[in-house]
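Participant: This is the structure I want to talk about, given as structure tokens.
The values are calculated or read from the model by the stated rules, or taken from the named source; none is laboratory data. Since we're looking at a predicted model, the values are computed, not measured. Note that each Cβ is placed from the backbone with ideal geometry, even for glycine, and that neighbours are counted across all protein chains shown.
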Amino acid sequence: MNHESMSDKRGHPTQLPKEHIDWVVQPLTRFVKVEAAAGVVLLLSTLLALSLANSPLSQSFNDLWHVSLGISIGTFVFERSLHGWINDAVMTLFFFLIALELKRELVLGELRNPRLAMLSISAAVGGMLVPALIYLFFQYGELGQHGWGTVMATDTAFVVGCLALLGARIPKNLKIFMLSLAVVDDIGAIIVVAVGYGSDINWLAIAFALLGFIVIKVMAFIGIRSIALFFMVGILIWLAVDVSGIHPTVTGVILGLMTPTTKWITDDRLHTIMECVVAYPPGNHWSGDTPDRKALKTAEAAAREALSPVERLEMMLHPWVGFVVMPLFALANAGIAFTGINVASPLAMAVFLGFVIGKPLGVFLFSWASVQLRFAVLPSNLSWLMILAGGLLAGIGFTMALFIANLAYNSEQINGVKFGILCASILSAFLGLLLLLYLTKSSKNHTPGNTLENEKSVSSPAENKPMLWGKQTEPSLNYFAIGKHIFEQSFIDSLVCIKRACAQVNYGLNLISDEQHKAIIFACNELLDGKHTDQFPLRIWQTGSGTQTNMNVNEVITSLENTYFLQNAQGDSAKDNACLHPNDHINMSQSSNDVFPTAMHIVVAQQTLDILLPSIEQMERALSQKQSEFDELFTVARTHLMNALPIKVSAILSAHEQQLTAAKKAIEESLIPVHQLALGGTAIGSGANAPK
């Protein structure tokens, strides 16, 4: 037992020697790692700034941020107020981190899926455009017209903090959607800052900045790995951008997007190096310029470089940005003096309505449009009400809104605008959390999977969601409840594709009406978008032809299209058109004997082309890369129980690669008969009930 517990803790920080300072450091470290901690610190900083700005110390507090800091040598002066240094220089780190997060999500994270990424991007675009239009509706031609960019922002830290308050009740896909939306929103905001709130352009300074970016690229190309050197060049680029007239925080965005996502040390190479260190016996041989000490230094560098630069920089900067940069920004910008503010001023109301009305409206409408136009896909565990709740939370524009407001408004306008931002952020957070609390109050966390335990709720009478299947599915559900496994969703999708294709052909032959055709296509698209996946509860053990599952799909499509008719048609025609039949219309000119094997062919071909062959090609590329890495390494080939001649490891890897190439070719050739579909040979192959 002791040996087992020790093995579980190998490599854990608790194995390090304990010091007195650990009593303070370890609880603090645990607090920093809490997801909502940064949001809590930011909230406390905001409350502190508001308290000081409305206290007897308000004048001293305000004067503090106007203290000038900089360098003055003769006629050369490079100075800023403390407030300016925070907003222009310190906030560059924030935007650098935001760009790193976006780069990681697009290359390594959930947004690698283009249609999933488009949902967040579309929502972010809508969440910027609609609030700006609402703001301009009230302020066009007025003194505050130039502040349209203020209402386009979303505060990432506060949004993440609000989601963290509800913990595991929030679906993972909603967290991904909101984080991606907020990151894209922040990138959009800094583009707005660069375009809408810059000064006169100094093209010479821009040329120097571009040269600096080229130097960064060359440094990465030749293999320079020192973060300190990259930061030094980054500071020089920041200075050039600052002089150029473009807001200098743009530097952080560009450098973040340029940061590589590939790691220098592969996992295999890291394990090889670490094995060399572990192989040394305990003792005092780690001192001096000895081979074992060099191996230890190599292991240290390898462990550091086993993470990509994007991941390393994110881990390094997250605590600083969350617990230093953002609270400092809040202290410098959130100090709103309430005395003398006109609460009902048109400017404050335009800002307030832009966030509270424009944000949720823009996020919801653009998300819905992108899904309807099939640019994006809505995850199956997200409802449109959850998207609306996310849109409400996106109305928390606090940090970024204050950042843009300081650039857009004069000293007479700024307090009223800040008050509008503060009120809008509070109300948006309250409404968003309230709606999410309502939507998730009865939710239960289930592990997804294709087993009976996870599908019991489908047939439960207590389930609130209506069943879309009918009388031909129910007997199979009751009398063929054998085993646990149901059909994979990819197979159900193949059946739905067949139904959609048959509806298009039948419509072309004038066998179904235009309204029926539209309804079937609508229902099939609903299912292919990942909705109603819980409506296919049948186990895989059933009659050989698969009639029950074929009818299950027919009945679900019928239920969905009848709903479509009732929502879109008027008068008696709606009732007439809604009387569709799963056999007569959805299964028209089909038979389970043909549909089922056709679906098998489709899903095999699709999985082979989308998953198997790309995986083999990835393995081929990996083996090819390893050949060059291990070209100088020899091993001993073996024949049964006897050692044979030395052979290069690259030669062995080359043989494996050729085997994969041959296997891939054989698989591709085997797909030729798989692409032949049996559909159309209904009624024991006679085609009797299918048009000629």
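Participant: Find the helices (runs of 4 or more DSSP H) located wholly in segment 152-256 whose residues include 3 or more that are farther than 24 Å from M326 by Cβ and over 30 Å from the mean Cα position of the chain (by Cα), and list them.
Facilitator: 203-222, 227-244
Participant: Return a yes/no flag: does segment 335-347 have any residue that is of a type in the set (F, W, Y) and touching a Gly at 6+ places or on another chain (Cβ under 9 Å).
Facilitator: no
Participant: Which numbered condition trips up A394, out of (1) in contact with a helix residue (DSSP H, G or I) (Cβ under 8 Å, 6 or more places away or on another chain); (2) modelled with pLDDT under 85?
Facilitator: All conditions pass for A394, except number (2).
Participant: I've got another one for you. Please determine whether any residue of segment 469-490 is crowded, with 20+ Cβ neighbours inside 10 Å, outside the structural domain of L116 (by TED's automatic domain parsing), among the small types (G, A, S) and at pLDDT 85 or above.
Facilitator: No, segment 469-490 contains no residue that is crowded, with 20+ Cβ neighbours inside 10 Å, outside the structural domain of L116 (by TED's automatic domain parsing), among the small types (G, A, S) and at pLDDT 85 or above.
Participant: Still on this structure, I have one more. Can you name the residue in segment 523-547 that is of a type in the set (D, E, K, R) and either out of contact with any Phe, Trp or Tyr (no Cβ under 8 Å at 6 or more places or on another chain) or free of Cβ contacts under 8 Å to residues at least 24 places away in the same chain (or both) and is also nearest to S476 (Cα to Cα) among such residues?
Facilitator: Checking each candidate, the answer is D534.
Participant: For the condition outside any helix (DSSP H, G or I) and either assigned by TED's automatic domain parsing to the domain that holds T473 or at pLDDT below 85 (or both), what is the one hit in Q542, Q567, Q516, Q548?
Facilitator: Q542
Participant: Find all pairs meeting these conditions: Cβ atoms under 8 angstrom apart; at least six residues apart or on different chains; first residue within segment 398-414 and buried (at least 24 other Cβ atoms within 10 Å of the Cβ); second residue in a loop (DSSP other than H, G, I, E, B) and of a type in the set (G, A, S).
Facilitator: Hits for this filter: F398/A334; T399/A153; M400/A153; A401/A153; L402/A334; F403/A153; I404/A153.
Participant: When only residues in segment 108-151 that are under 11 Å from the mean Cα position of the chain (by Cα) and assigned to a loop (DSSP other than H, G, I, E, B) count, which is nearest to F366 (Cα to Cα)?
Facilitator: Result: N113.
Participant: Scan segment 372-381 and give yes if some residue there is within 29 Å of K531 (Cα to Cα) and in a helix (DSSP H, G or I), otherwise no.
Facilitator: yes
Participant: Would you call G252 on the phi > 0 side of the Ramachandran plot and modelled with pLDDT under 90?
Facilitator: no
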